[in-house]
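These notes concern the structure reproduced below.
The values are calculated or read from the model by the stated rules, or taken from the named source; none is laboratory data. From a predicted model like this one, the values you see are computed outputs, not experimental measurements. For neighbour counting, all protein chains shown are included, and Cβ atoms are generated from backbone atoms with ideal geometry for every residue, glycine included.
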Amino acid sequence: MRPLIRRDDKSSVFSVRDLISFYRDLANGTRQEITEGSSIPEVGRNLLRLRSMDNKEDAQTREAEGFSTIILAAGKGTRMKSDLAKVLHPLCGAPMLTYPVAAARAAGSEKIVVVIGHQAEQIREQFRDRGLIFVEQRELLGTGHAVLQTAKVFRDHHGAIVILCGDVPLILPGTIKTLYERRRSAGAAVTVLTTIPEAPAGYGRVVKAANGHILKIVEERDATPDEKKIREINTGIYCAESGFLFTSVAALGNRNAQREYYLTDIIEIACKRGLRTTSFPASDPLEVMGINTPEELELAGRRMATRDLRQAVC
């Protein structure tokens, strides 16, 4: 590095050559400081400010290359026929919520925000000191409403958001990574993790255009007879651009059979705005199976034992 520029003892003016050299080095990042007592012309101060702005933009770009995670864990789980919150039911010796949390962390998630509601304090206590952020959904008004509760946490977030379900314990880190990468490479506002089970009854159907883009997701109770014939289903797992996600959930309505704010409706919002909506199909329906009954919990335990998932993600 050349010596720092100094004013001539007999002059208060920098030479043109020194100024050009100074600004060039500053722009290139090779000029670290100036001599005490030196004055920098206004254009130099402007350049310093521009460089500072560039650094902030670089930081935002780096952040945009990663993702954070929202895990929905507020539901009661009435079909479990238990007083215990569904996500606290033990699975291979650990609460069910342990597994999506561990998978998100292993996939490289920056923040992990857990939306809690039923038995919120018990969940906080069970998962304290694990680096999680808890947000409470005081009224259980649907998945879209649950995501909206996290908006303040992500106010300055510039990256993608992956949305997982606390009752889907078999999800693997590699699937989460691929979902994120698929959305990013497609330039989509949102990418939905889908699958094709043997029996799609009871699940939301994925309605697609001829080009493969998703037009909407229809809950079975709201589906037409033709829509119920669709075999590809929504797993409830998404990756979305954060700005789009939070403006969309803030605009949701509840004109449906359940009078809830469905997160699935962000697909139609994206389509109306001319944004791209894509899907990534999980090859193994069991990996994305939601646990709603004791029988499904037992099935998940058997699958977990056979592939030793607990050691893989915990």
Taking region 74-112 only, how many residues are buried (at least 20 other Cβ atoms within 10 Å of the Cβ), among the hydrophobic types (A, V, I, L, M, F, W, C) and either outside the structural domain of residue 288 (by TED's automatic domain parsing) or without any contact (Cβ under 8 Å) to a residue 60 or more places away in the chain (or both)?
4
Here are 224, 235: which of them is β-branched (Val, Ile, Thr) and part of a loop (DSSP other than H, G, I, E, B)?
224
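For region 238-264, give me each residue that is in a loop (DSSP other than H, G, I, E, B) and polar (S, T, N, Q). Write out each step before concluding.
Filtering region 238-264 for residues in a loop (DSSP other than H, G, I, E, B) gives 250-262.
Listed by number, the residues that qualify are 254, 256, 258.
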Does region 235-242 contain any residue that is aromatic (Phe, Trp, Tyr), under 26 Å from the mean Cα position of the chain (by Cα) and at pLDDT 95 or above?
yes
Return a yes/no flag: does region 117-127 have any residue that is under 13 Å from the mean Cα position of the chain (by Cα) and either buried (at least 16 other Cβ atoms within 10 Å of the Cβ) or among the small types (Gly, Ala, Ser) (or both).
no
Here is a check on your reading of the model: is residue 302 more than 27 Å from residue 140 (Cα to Cα), part of a helix (DSSP H, G or I) and either among the aromatic types (Phe, Trp, Tyr) or in the same structural domain as residue 76 (by TED's automatic domain parsing) (or both)?
yes
Only unsatisfied item for residue 201, checking (1) under 20 Å from residue 163 (Cα atoms); (2) small (Gly, Ala, Ser); (3) surrounded by fewer than 22 Cβ atoms within 10 Å (Cβ to Cβ), is (1)
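One line per residue, one yes/no per condition, for (1) at pLDDT 95 or above; (2) in contact with a Leu (Cβ under 9 Å, 6 or more places away or on another chain); (3) basic (Lys, Arg):
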residue	(1), (2), (3)
101	yes, yes, no
106	yes, yes, no
156	no, no, no
162	yes, yes, no
185	yes, no, no
Just name the residue that is farthest from residue 244 (Cα to Cα) out of those in region 111-129 that are in contact with a Ser or Thr (Cβ under 9 Å, 6 or more places away or on another chain) and part of a loop (DSSP other than H, G, I, E, B).
127
Look through region 209-232, keep the residues that are surrounded by 10 or more Cβ atoms within 10 Å (Cβ to Cβ) and of a type in the set (A, V, I, L, M), and return whichever of them is farthest from residue 265 (Cα to Cα).
230
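Do you know which residues across region 122-167 are among the basic types (Lys, Arg) and in contact (Cβ under 8 Å) with a residue 24 or more places away in the chain? Even if it seems obvious, please write down each step before you answer.
Step one: of region 122-167, the residues among the basic types (Lys, Arg) are 124, 128, 130, 138, 152, 155.
Matches in region 122-167: 130 only.
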Of the conditions (1) in a helix (DSSP H, G or I); (2) of a type in the set (A, V, I, L, M, F, W, C); (3) within 26 Å of the chain's Cα centre (by Cα), residue 291 fails just one. Which one is it?
(1)
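Of everything in region 132-169, what is aliphatic (A, V, I, L, M), part of a strand (DSSP E or B) and within 15 Å of residue 98 (Cα to Cα)? Give them in sequence order. First the steps, then the outcome.
In the first step, residues of region 132-169 are kept if they are aliphatic (A, V, I, L, M); the result is 132-133, 135, 140-141, 146-148, 151, 153, 160-164, 168.
Adding the requirement that they be part of a strand (DSSP E or B) leaves 133, 135, 160-164.
Selection gives 133, 164.
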Scan region 265-278 and give yes if some residue there is among the polar types (S, T, N, Q), surrounded by fewer than 23 Cβ atoms within 10 Å (Cβ to Cβ) and not in a helix (DSSP H, G or I), otherwise no.
yes
